[in-house]
Structures are given as C-alpha cells and as structure tokens.
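Please treat every number below as a calculation from the coordinates, not as lab data. Predicted model only: the values in this text are computed from it and were never measured. When we count neighbours, we look across all protein chains shown, and the Cβ atoms used for this are built from the backbone with ideal geometry, even at glycine.
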Ligand code: BJW
Ligand code: ZN
C-alpha cells in the first residue's frame with residue numbers, strides 16, 4: 001500500500017460499520033454460539049451427530065419406532081443444557097437487541113434456551129422481551145403430546161429405563177415427546193414467516209455459528225441479501241454462506257461478538 005493512502009478497514013472494522021449503520025438487524029444463530037457454553041454442536045468434530053445417527057434419533061419415524069432410545073438422547077441433552085449458562089456471545093447479542101436505537105430480532109435454530117436466559121441476564125430488572133429469540137426448532141425443556149399437541153414444561157429428569165416409564169400426556173394419555181422440530185417436520189408457520197419477514201426488511205443479517213446446511217433456516221440470510229441488505233458471518237470455519245457474505249469474521253462467537261457489538 002502506498003504511503004498516504006487510507007488503509008482499507010479490517011473485516012471487524014467493516015462489520016462494525018455495517019452494524020452501526022443498520023437500522024434493522026436480523027440475527028440467525030446456530031449450535032456454534034452455544035459451543036463455548038459447553039453445549040455440543042451437531043456436525044463439528046466431537047459434535048452430537050458424530051456419535052449418533054441423526055436419522056435414528058431426530059425424526060418422527062425414529063420416535064415411532066423406539067421412543068425410549070430417542071428419549072434417552074434428549075434426556076441426556078436436557079440435563080446437560082440445564083447445567084450450561086449463557087456465554088459472552090449470547091450476552092453481547094442480548095445487549096444489541098435491548099438497545100432502543102434499532103430493531104433487532106434474534107432468530108435461533110438452537111433448542112437450548114440460552115438466548116432467553118441471556119436476555120434476562122442482560123436486562124437485569126428491565127424489560128427483557130426485546131431480546132427474546134424466535135426459536136425455529138423448538139425448545140428442549142418443553143414436552144409436546146405426539147397425539148393431541150398439548151404442550152407442557154418437561155421434567156428435569158426423565159426416567160428412560162423402560163418404555164413404560166416414559167412421560168405421558170396429562171390431557172389424553174398419549175406419548176409426550178420433546179417439543180422440537182425433527183427432520184421432515186414443518187416448522188411453525190407463523191414463526192418461520194416472522195423470521196423471513198424480518199430478514200427481508202433487514203439492512204443486515206448477522207449469522208453466527210451455523211453450518212447453514214439445514215433448511216429452511218439456512219435460507220434466511222439469502223432473503224436479506226436478495227432484498228439488498230448485507231450479510232456478516234461469524235464462524236470458526238467457512239460455510240456455504242461464506243462466498244455470499246459481505247464480511248466473514250473467522251473466530252469464536254464468544255470473542256468476536258463482544259468485539260463487534262461492545
Ligand atoms: C462456531 C463455534 C464457535 C462451532 N463460534 N462458530 C432444502 C434443501 C435441502 C433439504 C431441505 C430443504 N428444505 C428442507 C429440507 C429437508 C431438511 C434439511 O434441511 N435437510 C438438510 C440436512 C439437507 N429440513 C427439514 O426437514 C426441516 N423441515 C422442513 O423443511 O419441513 C418441510 C415440511 C413442510 C410441510 C410439512 C412437512 C414438512 C426441519 C429441520 C429440523 C432440524 N432439526 C434439528 C434438530 C432439532 C432438535 C434437536 O436439537 O435435537 O435442528 S437438526 C440440527 O441441525 C438442529 C440444528 O438446529 C440444525 C442446524 O445445525 P447448526 O446449528 O447449524 O449446527 P452445526 O453443528 O451443523 O454447525 C455448527 C457451526 O458452528 C459450524 O459451522 C461450526 O464451525 C460453528 N462453530 N463452534 C463460532 N465457538
Ligand atoms: Zn395429548
């Protein structure tokens with residue numbers, strides 16, 4: 001670079017400018033944002049899918065075939081998540097969403113409830129509702145009846161020793177299942193519509209810690225791009241979104257997000 005010429009801003013600087021200038025922001029998060037809280041991801045090395053076949057566990061067919069095995073996996077994860085706490089990445093996003101100088105919507109694929117807990121922590125005694133995320137794939141701490149759809153808070157510990165000890169619906173006696181979205185199941189239509197509406201209206205889509213392989217969630221950033229907005233990606237590794245991103249920030253969400261957001 002010749003002397004006297006202005007140095008091009010670094011990726012973090014460019015992302016900070018995009019965020020500063022954006023009146024409307026949609027944030028899409030995936031398992032990577034919770035990795036530093038101790039929640040295993042799905043597809044990375046050591047991720048959840050490495051030791052379990054997803055099609056054996058995260059499908060309605062698997063639950064119909066062997067509900068005990070599916071519950072065993074979810075009971076283990078429910079107990080694991082209950083011991084985890086939000087990290088600096090969740091808290092930075094919650095602070096961003098609580099600011100009243102812009103519209104921010106956090107949309108998460110995660111079922112761990114950590115964004116929700118970060119919202120309460122960041123807001124302290126103030127109203128935390130602006131930082132409550134849209135949960136595209138449900139919530140692991142809730143149960144839903146596979147027969148009548150009745151939803152209820154899930155037990156902290158589930159007795160998975162035998163099919164006869166699994167939780168049953170208080171309304172109809174049907175089998176309860178975790179209130180999450182499995183492969184081949186439709187996402188809640190109002191929730192996914194709200195996410196795409198926000199993405200289309202956003203000046204900036206900030207994507208954090210997702211492999212961007214699972215649809216329709218992975219298509220949300222494209223809605224912002226097609227409408228003329230920018231895309232900032234935060235991830236340890238490249239993803240299918242990286243070639244489309246306006247700025248890619250390579251690093252851990254718990255470090256990059258506080259640096260980006262403050
Ligand atoms: C860090 C980090 C750090 C690590 N800092 N980064 C279009 C094309 C092709 C297929 C389809 C399509 N549309 C639909 C489909 C089918 C299917 C699908 O997408 N299949 C693909 C896999 C090919 N989709 C569906 O079936 C969906 N349903 C549907 O479309 O229904 C249509 C319908 C309509 C009407 C009637 C009936 C049906 C449902 C998808 C449900 C996904 N469910 C799961 C399980 C949820 C419950 C549970 O948790 O058990 O959701 S699967 C799993 O993947 C989970 C996650 O939310 C989701 C995404 O994973 P995520 O978050 O991206 O995690 P990883 O591990 O993949 O990535 C982590 C990333 O973080 C990595 O990139 C790391 O580098 C990074 N990272 N540490 C920053 N510290
Ligand atoms: Zn029921």
Checklist entry - With 83, 144 as the choices, which residue is within 16 Å of ligand 2 (Cβ to nearest atom), under 23 Å from the mean Cα position of the chain (by Cα) and in contact (Cβ under 8 Å) with a residue 24 or more places away in the chain? => result 144
Checklist outcome for this item: Subset of region 75-113, residues in a helix (DSSP H, G or I), surrounded by fewer than 24 Cβ atoms within 10 Å (Cβ to Cβ) and touching a strand residue (DSSP E or B) at 6+ places or on another chain (Cβ under 7 Å), comes to 77, 78, 81, 96
Item to check | Failed item in (1) in contact (Cβ under 8 Å) with a residue 60 or more places away in the chain; (2) within 20 Å of residue 128 (Cα to Cα); (3) out of contact with any strand residue (DSSP E or B) (no Cβ under 9 Å at 6 or more places or on another chain), with residue 42 passing the rest | outcome: (2)
Checklist outcome for this item: Reported set for region 206-240 where residues are part of a loop (DSSP other than H, G, I, E, B), farther than 19 Å from residue 194 by Cβ and in contact with a helix residue (DSSP H, G or I) (Cβ under 6 Å, 6 or more places away or on another chain) is 209, 212
Checklist entry - Which residue, of 173, 138, is at positive phi and surrounded by fewer than 12 Cβ atoms within 10 Å (Cβ to Cβ)? => result 173
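From the list 173, 184, which residue is more than 23 Å from the chain's Cα centre (by Cα) and either within 16 Å of ligand 2 (Cβ to nearest atom) or assigned to a loop (DSSP other than H, G, I, E, B) (or both)? Talk me through it step by step, then tell me what you get.
Working: 184 fails: more than 23 Å from the chain's Cα centre (by Cα).
From the options 173, 184, the qualifying one is 173.
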Item to check | Of the criteria (1) within 15 Å of ligand 1 (Cβ to nearest atom); (2) under 13 Å from residue 63 (Cα atoms); (3) out of contact with any helix residue (DSSP H, G or I) (no Cβ under 9 Å at 6 or more places or on another chain), which one residue 190 fails | outcome: (2)
Checklist outcome for this item: Within region 114-145, the count of residues that are outside any strand (DSSP E or B), within 16 Å of ligand 1 (Cβ to nearest atom) and either more than 28 Å from residue 183 (Cα to Cα) or touching a helix residue (DSSP H, G or I) at 6+ places or on another chain (Cβ under 7 Å) (or both) comes to 5
